[in-house]
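Written below as structure tokens is the structure these notes are about.
All of the numbers you see were taken from the coordinates with simple rules; none came from a lab. What you see is a predicted model, and the numbers here were worked out from it, not measured in a lab. Note that each Cβ is placed from the backbone with ideal geometry, even for glycine, and that neighbours are counted across all protein chains shown.
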Amino acid sequence: MDIAVATRPVEPADRPLFHRLWPRLSPDTVYRRFHAPLHGLPPEAVERLVTVDHDLREAVVGLVGGEVVGVARYDRSPDDPATAEFAILVEDGWQGVGLGRQLLVELIGLAADRGVRTLTATVQRDNDRVIGLIRRLLPGSTFVPDFDVFVVVSPISRAPVPTPGNREVPS
């Protein structure tokens, strides 16, 4: 089931929304995103999320009822601005309904429009949902095992990525 959610680029005024999102995340969701069992949202993490220049660093939020329910972000490499690391986080109650896909599709488009040609990520090896999402949206991705994670490298282009209305991957 896919449910379209309102999205927009993150803004500095979103700080309180991220603080309100935190208690709605399960320990498993926090661990899968941050690779550590954090018990509180560090202020520097919120500051980093809301401090974007919409080029070298970008973040897109999904909003329901004025609350953030998901976020996808990228940070370009200072050594290679054509490469950016990405991450995604979706509130537990909104997982499995297409929000992660929606946010990642938007983020891929923004990155490609700004000259990013390679996305990278570090994903836990047992995070089947995110691995499946990457395989569907970024079919040229490589997954290199590194202890308990995969280091993912995904070439991107401005070609369309699969969306609910466009599930075929261009060849």
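Annotation: average projected area of the stretch 79-149 is 5.3 square nanometres, based on the convex hull of Cα atoms across all directions.
Where a ≥ b ≥ c are the square roots of the eigenvalues of the C-alpha gyration tensor, would you call the stretch 6-116 rounded, which needs a/c under 1.5, or, failing that, prolate if a/b is larger than b/c, or oblate? Write out the running numbers ahead of the final one.
Working: a/c = 1.58, a/b = 1.40, b/c = 1.13.
Taking the square roots of the gyration eigenvalues as a ≥ b ≥ c, the stretch 6-116 is prolate.
Label 7 Å along Cα→Cβ of THR51; the stretch 12-26 residues with amide nitrogen under 18 Å? What the label zone holds, given the 18 Å backbone N cut-off, is 12-19. Put in line by how crowded their Cβ is, counting other Cβ atoms within 10 Å and starting with the fewest, VAL149, VAL144 read VAL144, VAL149. Annotation: for a label point projected 7 angstrom from Cα along Cα→Cβ of SER77, residues of the stretch 100-117 with backbone N closer than 11 Å are 117. The share of Cα pairs per 5 Å bin across the stretch 50-94, counted from zero up to the longest distance, runs 5, 22, 26, 19, 13, 9, 4, 1 percent. At a Förster distance of 22 Å, what's the computed FRET efficiency of GLN95 paired with ALA6, Cβ-Cβ distance as r, to 0.05? According to the calculation, E is roughly 0.80.
Site pair GLU85 and THR142 shows an inter-label distance of 1.9 nm when each label is modelled 7 Å from Cα along Cα→Cβ. Residue exposure proxy: LEU133, LEU63, LEU89, ordered by other Cβ atoms within 10 angstrom of their Cβ from fewest to most, comes out as LEU63, LEU133, LEU89.
Each residue in TRP94, TRP22 was given a count of other beta-carbon atoms within 10 angstrom of its own, and listing them fewest first yields TRP22, TRP94.
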